[in-house]
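Reviewing the structure listed below.
The values are calculated or read from the model by the stated rules, or taken from the named source; none is laboratory data. None of these values were measured; they are calculated from a predicted model. Cβ coordinates were reconstructed from backbone atoms using ideal geometry, including for glycine residues, and neighbour counts include every protein chain displayed. Just so you know, the surface numbers come from the protein's heavy atoms only, side chains and all, with ligands and any DNA or RNA stripped out. Shrake-Rupley method; radii C 1.70, N 1.55, O 1.52, S 1.80 Å.
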Amino acid sequence: MKHLSTKVTSNAHGQDSSYFLGWEEYEKNPYDEIKNPNGIIQMGLAENQLCFDLIETWLAKNPDAAGLKKDGHSIFKELALFQDYHGLPEFKKALAEFMEEIRGNRVTFDPRKIVLAAGSTSANETLMFCLAEPGDAFLLPTPYYPGFDRDLKWRTGAEIVPIHCSSSNGFQITESALQQAYQQAQKLDLKVKGVLVTNPSNPLGTMLTRKELNLLVDFITSKNIHLISDEIYSGTVFGFEHFVSVMDVLKDKKLENSEVSKRVHVVYSLSKDLGLPGFRVGAIYSNDEMVVSAATKMSSFGLVSSQTQYLLSALLSDKKFTSTYLDENQKRLKIRQKQLVSGLEAAGVTCLKSNAGLFCWVDMRHLLDTNTFEAELELWKKIVYEVKLNISPGSSCHCTEPGWFRVCFANMSEDTLDLAMERLKEYVESTDSRRVISKSSHERIKSLRKRTVSNWVFRVSWTDRVPDER
C-alpha cells in the first residue's frame with residue numbers, strides 16, 4: 001500500500017543534488033577545532049556569522065526588547081495572542097526603513113506593500129503560487145542558487161528555463177541569452193510568466209550592473225511578463241560600490257507608478273544581511289495591490305512569529321545601531337573575502353572578481369582531468385572526502401561550464417578559514433606533483449618508444465644494405 005503522495009516522494013525536491021549531499025557528508029563528520037580537528041570544514045553554507053557581537057551587545061543594552069517588555073511592562077500576553085497575518089505595523093515600518101537605508105535612501109518602500117513570510121524561501125514560493133500556473137515557466141540566469149529547484153518548482157508545479165550565461169563576460173546577462181531562453185521555453189510549449197534574478201548574485205557574489213537591470217526591465221516590458229528581484233544579499237555589498245536595486249532603475253526610468261512597476265517584485269530577508277536565518281524573516285514587496293492581497297492570504301502558511309517581529313522592530317528602529325551595523329558588516333565581509341581570495345591565490349587558484357555576498361565563485365578548471373561535468377564531480381568528491389572541505393560544485397548551480405565552485409567564507413572563524421586554505425594548497429601542490437611525475441613518466445616512455453623504433457628501423461635498414469656473406 002502506498003503511504004505517501006507522489007509529490008513528496010518525487011525527486012523534484014532536489015535533495016539528491018550534490019549541493020545537499022555535501023551538507024549530509026559534513027553533518028556525518030563536522031570539523032571542530034578541539035573535538036574533531038580532522039573533520040570536514042563547512043564551506044557550502046552561506047551564513048553570515050561575522051557580526052553577532054554587535055547584535056548581542058545591542059541586546060544586552062536593550063533588555064526590554066528581548067524580554068518582551070514595553071516601557072518596563074510585560075507585553076507577553078499581547079504578543080502571544082497576536083495572530084494578524086498582516087504583521088505588526090511597527091515591524092513592517094522598521095523593515096521598510098531598513099531596506100531604504102541599505103539602498104542609500106534613494107528609493108522608498110511603503111510598509112503597506114510589504115508581505116511578511118517565513119524567510120525568502122517562503123517568499124519566493126508564495127510569488128510563484130501568485131504569478132504562475134502549474135507548468136508555467138520563469139527564466140533564471142545561470143549559475144543560480146541550487147535551492148531554487150526546490151523553492152520555485154517542487155510544490156508549485158512551475159518550471160525553470162535557464163538563461164545561459166558565460167565566463168567570457170563574467171557571467172553577465174545579455175539580450176541574446178534572454179531571447180534564447182524565451183525561445184527555448186516556447187519550443188518546450190511553456191508559457192513564460194517572468195524572470196527571476198538574485199541581486200547580488202548567489203553564487204557569483206557580484207551585483208547586477210545597471211546595464212543588466214535596464215535590459216531586464218526593458219525585456220519584461222516588451223514581453224509583458226514579471227520580474228522578481230531576490231535582493232536578500234543587498235546589505236552585503238562591500239568596497240567602494242553601493243548596492244543598485246531594481247527599484248533604483250524603475251525610479252531612473254520614471255516607471256515608479258507605471259503598469260510595469262506592478263510587474264516588478266522584490267524579495268528580501270534578514271537571513272544574510274543580519275545573519276538571522278533561524279529567525280525566519282522574509283518579505284515580498286510589490287506595487288500590485290492584487291499580488292499583495294493574494295500573497296498576504298497565502299502568508300498564513302508561513303508567518304513570522306509575533307515575538308520575533310517585536311524584537312526586530314526595536315532593533316531596526318534604532319538608526320544609530322543599523323548605521324553602525326551596516327558599515328561594520330561590510331568592512332568585515334571585505335576583509336574576510338580578501339582572506340579567502342589570498343588563500344586561494346597562494347594555492348594557485350583564482351576566482352571571479354566579486355563585491356558582495358558571503359562566497360566567491362572559484363575557478364578550478366585547471367584541476368579537472370577532463371573538461372567534463374563528470375570530472376568536476378570527481379574533483380568535488382576528492383575535495384569533500386580527501387581534503388575535507390565541503391564546497392558546492394558549479395553543476396549543482398546549473399553552470400554550463402565545468403570546473404567552477406561556490407566557496408563560502410563568512411560562516412567560520414579566521415583560523416578555520418586559514419586551515420581550509422592550507423588543506424586546499426596541500427591538495428593542489430600534491431596534484432601538481434603527481435601530474436608532473438605522470439607527465440615525466442609519459443615523456444620517458446614516449447622517448448623510449450621513439451628510440452626503440454629508431455634502432456629497429458636502423459637495424460632493418462642496415463641489414464638491407466649489407467650483403468649476405470654466407
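Checking the condition touching a residue at least 12 places away in the same chain (Cβ under 8 Å) and among the small types (Gly, Ala, Ser), which residue from 300, 293, 258 passes?
300
In the range 46-62, is there at least one residue being within 17 Å of residue 386 (Cβ to Cβ) and in contact (Cβ under 8 Å) with a residue 60 or more places away in the chain? The answer is no, given that none of the residues of the range 46-62 is within 17 Å of residue 386 (Cβ to Cβ) and in contact (Cβ under 8 Å) with a residue 60 or more places away in the chain.
Using the structure shown, decide if residue 357 is buried (at least 18 other Cβ atoms within 10 Å of the Cβ), modelled with pLDDT of 95 or more and at positive phi. Against the criterion (buried (at least 18 other Cβ atoms within 10 Å of the Cβ), modelled with pLDDT of 95 or more and at positive phi), residue 357 qualifies.
When you look at residue 341, is it part of a helix (DSSP H, G or I) and touching a helix residue (DSSP H, G or I) at 6+ places or on another chain (Cβ under 7 Å), yes or no? When the stated conditions are applied, residue 341 does not pass them. The residue of the range 292-338 that is nearest to residue 71 (Cα to Cα), among those that are open to solvent by 40 Å² or more (accessible area, probe 1.4 Å) and not in a helix (DSSP H, G or I), is 318. Pairs linking a residue in the range 366-387 that is more than 25 Å from residue 27 (Cα to Cα) and modelled with pLDDT of 95 or more to a residue that is of a type in the set (Lys, Arg) and part of a helix (DSSP H, G or I), with Cβ atoms under 8 Å and 6 or more positions apart or on different chains, are 371/365. In the range 1-47, the qualifying residues are those that are among the aliphatic types (A, V, I, L, M) and within 26 Å of residue 420 (Cβ to Cβ), and the one that is most open to solvent (accessible area, probe 1.4 Å) is 34.
Considering the range 84-97, the residues that are touching a residue at least 40 places away in the same chain (Cβ under 8 Å) and in a loop (DSSP other than H, G, I, E, B) include one that is nearest to residue 261 (Cα to Cα), namely 86. Quick one: would you say residue 100 is acidic (Asp, Glu), at pLDDT below 90 and in a helix (DSSP H, G or I)? No. Scanning the range 266-291 for residues that are touching a His at 6+ places or on another chain (Cβ under 8 Å) and either closer than 30 Å to residue 332 by Cα or of a type in the set (Val, Ile, Thr) (or both), we see that the one that is surrounded by the fewest Cβ atoms within 10 Å (Cβ to Cβ) is 291.
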